[in-house]
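Participant: Dumping the structure here so I can ask a few things about it.
Since every read-out is calculated from the coordinates, none of them should be taken as a lab result. As the structure is a prediction and not an experimental result, all values here were calculated from the model. Neighbour counts run over all protein chains shown; Cβ positions are idealised from the backbone, glycine included.
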Amino acid sequence: MADGPTWKEYPMAATISEPGSATGQNTGDWRSERPVRNPEKCDKCGICWIYCPDAALFMDEEGFYEVDLYHCKGCGICARECGKDAIEMIEEGE
């Protein structure tokens, strides 16, 4: 057993006043690739939106799903799951 107090003996170090969320953080800065949608191939099915682990897609006025690049981390799941091959991952900076 380690020397020192147990977890029950530590005084409260911080107070959490609201639940955590990445919504207010720009978490896409380390992305090396980004998804680009081809509107001619896209049928607006929403599979990309369903599979996106970062909730980095939103529907535009025309019903297409657009990428929020402030939150997209470039994982490529949207492109992999798209049955119409309407999403291509391109290197950041192109």
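Participant: Exactly one of (1) touching a strand residue (DSSP E or B) at 6+ places or on another chain (Cβ under 9 Å); (2) exposed (fewer than 13 other Cβ atoms within 10 Å of the Cβ); (3) hydroxyl-bearing (Ser, Thr, Tyr) is unmet by TYR65. Its number?
Facilitator: (2)
Participant: Same structure again: When you scan region 33-94 for strands (runs of 3 or more DSSP E) that lie fully inside it, which ones turn up with 1 or more residues that are among the acidic types (Asp, Glu)?
Facilitator: Counting at least 1 such residues, we get 33-37, 65-67, 87-91.
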